[in-house]
Amino acid sequence: MPDILIAILPLLGGWTLDLLLGDPSCLPHPVVWFGKMIAWGEHRLNKGRHRMLKGALLALVLIIFVFTAGWLLNRYLPILNVVIIFFCLAGTTLIREVRQVFLAVDRSLDEGRKQVARIVGRDTSELSAQEVRTAALETLAENLSDGVIAPLFWFALLGTPGMLAYKMVNTLDSMIGYHTERYKDFGCCAARIDDIANFIPARLTALLMVIVSGKWNLFGFVWKYGSHHASPNSGYPEAALAGILHCRFGGPHYYFGERFDKPFIGENEKQLDTSDMKKAIRINRMAEVLMIILIILYQWMCY
């Protein structure tokens, strides 16, 4: 079998499995194991003095450990690459969840709040129907970047070991990378590493979204609003989707009982509905396909 096919087939196989299955609840997911390792370390180290140093050491040790494990698996059990790629992609499950949020809020506001609480970290108990829909679409845009495009980007650069290391970086940030009293020191390094790891992928995601939308005039909109976010990266895919849907994202949110005043992305306060959700999902899928094509072309040139 030609070397290029050996490189491409695991990617296509893992991506196809994600399209068909999402994240099956019946299978043990590596991210769950990552979470348990992080929780174990945080429980023992996030106390006393030198919390920033201890948090940095925990993050670096776990990232290096996962990368090394991925390298060993790639070297001695390359047949598992399909499974690793499948587990590292998180496009289908989030799309299903966002679709369910819109269906739920159409039935009742309370049901919509409960459904969106499954995919966002903010307090959803006081959200309006518009805010529920907005939160779901913001998460969809962010997830396209850190759940699909970023893992694929690091796969293109460093193979499955890089993909696994990225998932550990992302899990660290999602668990301890908050600017709250408990995590502001201990999770500082994890948050900065995540910012670095997502710097190019977030902007690449926005670029792909604009390209597949065919709305070339949105590059100025993304440039203007991409930095209007607490995160140095998340604003770019959110700005791209806000521009495509001609809506407004951002604003004040509550996390762990604390209010965070996020800047608005966009100016049009239009009411979101199911048609916006369907369009956002279509953009996600098209951007995903384009990224796969680009990686295949990149690998083809490398061979």
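The values are calculated or read from the model by the stated rules, or taken from the named source; none is laboratory data. It should be emphasised that the depicted structure is a prediction, and the values quoted were computed from it without experimental measurement. So basically every Cβ, Gly included, is an ideal-geometry build from the backbone, and we count neighbours across all protein chains shown. Side chains included, ligands, DNA and RNA excluded: accessible areas come from the protein's heavy atoms. Shrake-Rupley method; radii C 1.70, N 1.55, O 1.52, S 1.80 Å.
Laid out as a table, the results:
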quantity: Prolate/oblate/rounded label for the stretch 150-303 (Cα gyration tensor, a/c 1.5); calculated: oblate
quantity: For ILE85, solvent-accessible area (1.4 Å; no DNA, RNA or ligand), Å²; calculated: 0
quantity: Accessible area expressed per residue, the chain, with surrounding protein chains retained (probe 1.4 Å, Å²); calculated: 49
quantity: Prolate/oblate/rounded label for the stretch 57-107 (Cα gyration tensor, a/c 1.5); calculated: oblate
quantity: Ranked order, LEU45, LEU20, LEU57 - accessible area, probe 1.4 Å, largest first; calculated: LEU20, LEU57, LEU45
quantity: Spatially proximal lysines relative to LYS224 (Cα-Cα < 28 Å; intrachain offsets below 8 disregarded); calculated: LYS215, LYS262, LYS270, LYS278, LYS279
quantity: Contact order normalised by residue count of the stretch 160-229, Cα under 8 Å, 6+ apart, percent; calculated: 21
quantity: Cα-based Rg / Dmax (Å) for the stretch 105-170; calculated: 15.6, 46
quantity: Check: the chain dipole with +1 on Lys, Arg Cβ and -1 on Asp, Glu Cβ, in debye; calculated: 380
quantity: Computed helical MRE - 222 nm, the chain, DSSP H runs ≥ 4 contributing -39500 (n - 2.57), nearest 500; calculated: -23000 deg cm²/dmol
quantity: Shape of the stretch 1-147, Cα gyration tensor, a/c cut at 1.5; calculated: oblate
quantity: Candidate lysines - alpha carbon under 18 Å from LYS54, same-chain residues fewer than 8 apart omitted; calculated: LYS36, LYS184
quantity: Lys, Arg +1 and Asp, Glu -1 on Cβ, resulting dipole of the stretch 191-248 about Cα centre, debye, nearest 20; calculated: 180
quantity: Computed FRET value (nearest 0.05) for LEU60 with ARG182, which takes r as the C-beta separation and R₀ as 22 Å; calculated: 0.60
quantity: Net charge of Cβ neighbours under 11 Å - reference CYS189; Lys, Arg +1; Asp, Glu -1; calculated: -1
quantity: Where Rh is the Kirkwood radius over Cα pairs, Rg/Rh for the chain; calculated: 0.96
quantity: Nearest-10 value in Å² for the accessible area of ASP23, using the 1.4 Å probe; calculated: 50
quantity: ILE265 long-range amide H proximity, modeled H, under 5 Å; calculated: PHE249, GLY250, GLY251
quantity: Mean Kyte hydropathy of 1.6 or more with a Cα span along the axis of at least 18 Å, helices from DSSP in the chain; calculated: 3-21
quantity: Gaussian network model of the chain, springs between alpha carbon atoms under 10 Å - residue of VAL169, VAL148, VAL61 with greatest fluctuation; calculated: VAL61
